[in-house]
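For reference, the structure is listed below as structure tokens.
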């Protein structure tokens, strides 16, 4: 059974549909990457899965259980984590308080998870009492991912985790994503840096105009001349 | 030295009393704004509601305080706080939550709160009438006269029992609020929701719970402020309402959405008012002999007359909005 499966999803904001039948499926130990041109509905699809916009046709399942249009805070209880692209931290809370909000639903896990997250993102330790709004872009991204990981999700949705980061930070974030996945967390990620992202993906979904254009393993998509010509810049 | 005592009585004590009341009101206004993003105009009438409940309970059990040695109104205050908090949550559920569910603009909810204010005023007058009533029913207000340890000071500094209780409760409220927001899981979640409501939801924080907690704190503090104000003066159905605008000024001066700012703003407005209406010639009178002969000391050197006291908070408000729109502490720009 697939960990996360979305079939024929239609949806959008206020009547206008952006998604016109998207299919996504990843297994528990996989990294799935959604790529595609601007306006293809990549981030919209992620938000649809996380209950942030209304799905008016199709179905989304988590481990076989229907979760279509379930509220975000309910999905967190079911083991789903979401890191938005923007506004993904609490700027006036300290770094550590940001992470604490990640274990809001399971406060008893706070100490244990905090240690894990600091092991995982060592640069965060010395800044832990600073307001998160004062951190650099790369550090904010680590805090944002750390907050989502604190809840020990079984599947993590990442919306363009490398947007606006320097190449050095970008590679570091991709490495972290691989490590998180190796620890048993399924990942579904939207990325602008399509080539680098597909290189670490088990499954890739190329969206255009709110529909799947290509769906295959990351490697196969990278080697497909049609995908390369139309979507990866040759 | 009597001039100094006059200053202590009219500026320090009065300013601290006004500042404490404004601060406790402004904390509620600012918390409601930071969580729900609207200016809650019915806040002053929640204060009156709290005082009315105390009045009713004190009338029912006029001698409840005798055994403990506190005014009966203070003994009844915790009960009134609980009922006011429940009423605040109830008002939100019935009037404001449906508006939020329709995703209306904040101004619509502000207008809704104006409706609630008029409704509450009507209800309060229905039960309490329009005249002033003392919250001291079976007791008398204790007044402390503190003799000054100076030879030349023949007059005492006067402070009343409700004023002392007001200062103590304000201190407790401020310290308690600080500990709640900085230490407790719920308090941190409240700050998180104020920062970024969508991410709070994505972290599994139940925003309905946070909204309810906000109303419980706002309602509880409103009951304290309204009751202590009525103990200091007397219960009148419109007493708190006239403080609504200075309370908003305090919240904005401190930085909207910033609880510590609301406390600071409350005391800034409170002291500014008493300093502005204080007759400074009283302090200068002892130095009169050393003035040159052409300088006549006028009888009244107050910056504004007492009847224009309400001008002061708005002058400060406008000045702050022009020169530092985010308030003393950097709040959210409205």
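Read-outs: derived from the displayed coordinates by stated rules, not from any lab. All values derive from a computational prediction rather than experimental measurement. We place every Cβ from the backbone using ideal geometry, glycine too, and count neighbours over all the protein chains shown.
A few remarks follow.
- Taking a quarter of the surface of the Cα convex hull of the protein assembly as shown gives a mean projected area of 33.7 nm².
- Computed FRET value (nearest 0.05) for residue A:86 with residue B:171, which takes r as the C-beta separation and R₀ as 51 Å: 0.80
- Relative contact order for region B:2-323: 35 percent, from Cα pairs under 8 Å spaced at least 6 residues apart, divided by residue count.
- Length-normalised contact order of region A:4-231 in % [C-alpha pairs under 8 Å, at least 6 apart]: 29
- With the convex hull of its Cα atoms as the shape, region B:2-323 has an orientation-averaged projected area of 20.0 nm².
- Order of B:308, A:118, B:22, B:96 under a 10 Å beta carbon neighbour criterion, fewest first: B:308, A:118, B:96, B:22
- Peptide B:188-201 is shielded by partner chain Cβ atoms: per residue, an average of 6 of them sit within 10 Å of its Cβ.
- Axis angle, to the nearest 10 degrees, between helix A:137-150 and the longest C-alpha principal axis of chain A: 90 degrees.
- Dimensionless Rg ratio for chain A, taking C-alpha atoms and the 2.2 N^0.38 Å reference: 0.98
- In range of the label at residue A:112: residues from region A:66-97 whose backbone nitrogen is under 19 Å from the point 7 Å along Cα→Cβ: A:77-81
- Each principal axis of the Cα cloud of region B:169-274 was evaluated for its coordinate range; sorted largest first, these ranges are 47, 25, 22 Å.
- Residues B:119, A:145, B:46, A:1 arranged by fewest to most Cβ contacts within 10 Å: A:1, B:119, A:145, B:46
- Convex hull volume per residue for region B:256-307, taking Cα atoms only, in Å³: 103
- Per-residue shielding of A:89-97, expressed as the average number of other chain Cβ atoms within 10 Å of the residue Cβ, stands at 4.
- Estimated 222 nm signal from helices in chain A, with DSSP H stretches of n ≥ 4 weighted -39500 (n - 2.57), rounded to 500: -10000 deg cm²/dmol
- Counting neighbouring beta carbons within 10 Å and listing from fewest to most, the residues B:20, B:290, B:182 come out as B:290, B:182, B:20.
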